[in-house]
């Protein structure tokens with residue numbers, strides 16, 4: 001026997017917001033016929049870079065691409081999470097840097113004192129060749 005929210009084989013089916021289909025769930029949309037359906041996200045073109053001289057090619061999208069652009073722009077001066085959050089989107093800079101590192105980019109973190117706090121300054125450790133700038137809407 002299959003329950004109301006179960007699909008074939010008894011697997012539970014969930015809507016995009018974690019709620020059963022047609023249900024309201026977390027901030028759900030319910031079955032309101034006057035509600036405009038969400039526009040699907042368009043596929044964005046990634047920023048593509050290569051670590052020189054013979055390193056990996058890395059594809060970055062969204063916040064990771066913005067972080068990478070900031071690292072390239074600032075060069076040896078480096079970037080902090082405070083620099084990125086001034087632009088209104090870099091609140092999780094350490095996560096964006098971590099994901100770029102996992103993709104193969106050599107990013108150095110230097111700990112510096114700022115008053116009573118210690119902050120990290122991120123810099124690229126190797127030269128990077130930009131092969132494709134990616135989408136315009138990803139620019140900081």
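The values are calculated or read from the model by the stated rules, or taken from the named source; none is laboratory data. Since this is a predicted model, take the numbers as computed values, not measurements. Note: ideal-geometry Cβ built from the backbone for every residue, glycine included; neighbour counts use all protein chains shown.
Points to keep in mind about this one:
- For the stretch 60-89, the tally of residues that are in contact (Cβ under 8 Å) with a residue 40 or more places away in the chain and assigned to a loop (DSSP other than H, G, I, E, B) stands at 5.
- Of all residues in the stretch 52-80, those satisfying the criterion of being in contact with a strand residue (DSSP E or B) (Cβ under 6 Å, 6 or more places away or on another chain) and under 16 Å from residue 99 (Cβ atoms) are 57, 58, 59, 60, 65, 68, 70, 71, 79.
- Among (1) under 15 Å from residue 132 (Cβ atoms); (2) at pLDDT below 90 - the single one residue 50 does not satisfy: (2)
- Yes/no for residue 101 being in a strand (DSSP E or B) and more than 16 Å from residue 69 (Cβ to Cβ): no
- Residue in the stretch 25-40 that is crowded, with 17+ Cβ neighbours inside 10 Å and at pLDDT 90 or above present: no
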